[in-house]
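The values are calculated or read from the model by the stated rules, or taken from the named source; none is laboratory data. Owing to the predicted nature of the structure, the values given are computational and were not obtained by experimental measurement. FYI the Cβ positions are ideal-geometry reconstructions off the backbone, even for glycines, and counts take in every protein chain you see. In case anyone asks, the SASA skips ligands and DNA or RNA and just uses the protein heavy atoms, side chains included. Shrake-Rupley method; radii C 1.70, N 1.55, O 1.52, S 1.80 Å.
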Amino acid sequence: MVDVLLGLQWGDEGKGKIVDFLAARYDIIARFQGGPNAGHTLYINGEKVVLHTIPSGVFQSHCLNLIGNGVVIDPVTLQKEIHKILPLQADLLQRLYISHRAHLILPTHRALDAASEAAKGSEKIGSTLKGIGPAYMDKTGRNGLRVGDLLSPDFQKKYDKLVLKHMEMLRQYSHKVEWEEWEAPFFESIEYLRNLQIVNAEYWLDMQIKDGKNILAEGAQGSMLDIDFGTYPFVTSSNTITAGVCSGLGIAPSKIGDVYGITKAYCTRVGGGPFPTELEEETGDALRKAGNEFGATTGRPRRCGWIDLVALRYAVMLSGVTKLIVTKADVMDHFDPVKAAVGYIIEGKETREFPYDLCATDATPVYETFAGWEKPISDCNTYDELPHVFRDYCRYVENYLETKIAYVSNGTGRDQLIVIP
Ligand code: GDP
Ligand code: IMO
Ligand code: MG
């Protein structure tokens, strides 16, 4: 069976930490979408590591790790990441597999991302500028280069043809990007990438499933950044929901088991786009400070607000979440009261339905208010030690979302996780 772990909000829910913990029970961790726009933070023996492309199972030494066909790979970022991890995990390369079908991010994809964002002016998405959108556009436009192409004698020819096309496109933008200097490191890194374990991943996974291996599919970004169901156009360019696991790894829907959905006890978003429960003043600043909400990939301050159960209910529905995980509950130790959006007022009517175009909809949140916890969650190790008010809050969330909470996370460390019965 293949279980799934994904973010239910706008990313940065703490997926890296949770995958690193859960990986103890799995044989394989497989990334199914996204690319170096992701930043998954892990603390290994107190040392902070941020992963962008490599699955978060690398620090459990029995775990194999697959970068699936749905991922877009920047060879330079991948090589840098490998070099960062190798001193900590000497056998990393023996445990890392890459799908032939994963697409490559070229230097000109990054240039196109930068030029396109600059042209949007105040309407900009707030992209991480890692070349994600342009690389997925070439994938669906049937022009892209894949990891398997690296093994073809025609690679250089294919590369030159695509770069010529990109140069034409870049000429249409007034914003100029000096991408040429990115080419030499790119070619060095693809030499390196050629020697990694490149596999027919869908067959490889099928064989592992038939051998009874346990697989966890690791998502990047979050459900509200999904290309189809997120707050379009302020989204990323891949399917971040459970459906993305099937197309991003070549796994049949009937093989999907549990779906772990992760939410913070509050909500953050980095980049542009609608965010109904955003807190722009002191409470927002206090949340950012208490939660240390600065992007793991870009360092940008994250926008902060109350948890949004309307959006979460939508995300739970889209992915068929079977187990919820609430992270950063300790951050709420600093707040009294704690609020949760339980409806939106749209055109004078209260609804629990997430609107089709949140960008063009004036949605005012309706809040349920909870008293602050009577003692700090950061001090708790078991369910019985959790403050009563927090336990009531968990039951409220479970009832609203009609889904059980499996764990509450109360710190950055691998073991700072409380099982909820
Ligand atoms: P990801 O992209 O979903 O993996 O999340 P990020 O790594 O981008 O951001 C999550 C941040 O919260 C990281 O800095 C984590 O170390 C941190 N974190 C994760 N879980 C907890 C928690 O329960 N409490 C606190 N205080 N921090 C956490
Ligand atoms: P993880 O996996 C938070 C956001 C960007 C921007 C939008 C599009 O760490 O949760 P893109 O670079 O994909 O073109 O950016 O999506 N974004 C993320 N926000 N966490 C992420 O990943 C994100 N990946 C992309 O900020 O608003
Ligand atoms: Mg992140």
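By accessible area, using a 1.4 Å probe on protein heavy atoms only, region 264-419 has 47% of its surface on carbon and sulfur.
Extension gain, Lys213 to Glu180, is 7.4 nm, computed as 0.36 nm per intervening residue step minus the present C-alpha separation. Computed over all pairs of different Cα atoms, the Kirkwood value for the hydrodynamic radius of the chain is 22.0 Å.
Its convex hull of Cα atoms gives region 246-374 a direction-averaged projected area, equal to a quarter of the hull surface, of 9.8 nm².
Could you tell me how far the Cα centroid of region 265-306 sits from the Cα centroid of region 195-229, in Å? Using only Cα atoms to place each centre, the spacing works out to 30 Å. The residues of the chain expose, per residue, 42 Å² of accessible area to a 1.4 Å probe.
The Cα center of region 110-150 and the Cα center of region 314-391 differ in position by 33 Å. Working from label points 7 Å from Cα in the Cα-to-Cβ sense, the Ala118 to Ile345 distance is 4.4 nm.
Calculated on the alpha-carbon coordinates, the convex hull of region 103-193 measures out at 95 cubic angstrom per residue.
Annotation: amide H-H contacts under 5 Å for Phe354 (H modelled 1.01 Å from N, sequence separation of 5 or more, or interchain): none.
Helical content of the chain, expressed as a calculated mean residue ellipticity at 222 nm, amounts to -9000 deg cm²/dmol (DSSP H runs of 4 or more residues, -39,500 (n - 2.57) each, divided by residue number, nearest 500). Among the protein heavy atoms, those of Met317 account for about 130 Å² of accessible surface (1.4 Å probe, every chain in place).
Using a 10 angstrom cutoff on alpha carbons, build the Gaussian network for the chain and name the most mobile of Leu88, Leu96, Leu145. Looking only at Leu88, Leu96, Leu145, the largest GNM fluctuation is found for Leu88. Ordering of 215-228, 148-161 by packing is 215-228, 148-161, highest average first (other Cβ atoms within 10 Å, averaged per residue).
For Lys210, the aspartates and glutamates whose Cα falls under 17 Å of its own Cα, not counting residues fewer than eight places away in the same chain, are Asp3, Asp27, Glu202.
Pairs of lysine residues in region 260-381 that meet both criteria, 8 or more places apart or on different chains and Cα atoms under 30 Å apart, total 16.
A Förster distance of 25 Å, applied to the separation of the beta-carbon atoms of Glu281 and Val366, puts the FRET efficiency at 0.80.
Placing R0 at 45 angstrom, the Cβ-Cβ distance between Gln156 and Glu402 gives a FRET efficiency of 0.25 after rounding to 0.05.
The lysines whose alpha-carbon is closer than 17 Å to the alpha-carbon of Lys213, local same-chain residues fewer than 8 away aside, are Lys255. Spin-label model, Arg352/Arg25: points 7 Å from Cα along the beta carbon direction are separated by 2.8 nm.
Between Ile418 and Val408, Ser409, Asn410, the built amide H atoms are under 5 Å apart, and every one of these is 5 or more places off in sequence or on another chain. If R0 is 35 Å, the Cβ-Cβ spacing of Thr382 and Ile44 corresponds to a FRET efficiency of close to 0.90. Each DSSP beta bridge with both residues in the chain is either parallel or antiparallel, and the antiparallel ones are about 40%. Of all lysines in the structure, those lying under 25 Å Cα to Cα from Lys161, and not within fewer than 8 positions of it along the same chain, are Lys130, Lys139, Lys176. Across region 267-279, coupling constants 3J(HN,Hα) worked out from phi with the 6.51/-1.76/1.60 Karplus curve, θ = phi - 60°, read 8, 9, 8, 10, x, x, x, x, 7, x, 9, 4, 10 Hz, and Gly and Pro carry x.
Taking Cα centre as origin and charging only the Cβ of basic (Lys, Arg, +1) and acidic (Asp, Glu, -1) residues, the dipole magnitude of region 294-393 rounds to 380 debye.
Where the accessible area of region 78-194 is counted over protein heavy atoms with a 1.4 Å probe, how much of it, in %, is carbon and sulfur? Looking at region 78-194 in its full context, I get 53 percent from C and S. The phi-based Karplus calculation (6.51 cos²θ - 1.76 cosθ + 1.60; θ = phi - 60°) puts the 3J(HN,Hα) values of region 308-321 at 10, 6, 5, 5, 5, 5, 5, 5, 5, 5, 4, 9, x, 4 Hz, whole numbers, x for Gly and Pro.
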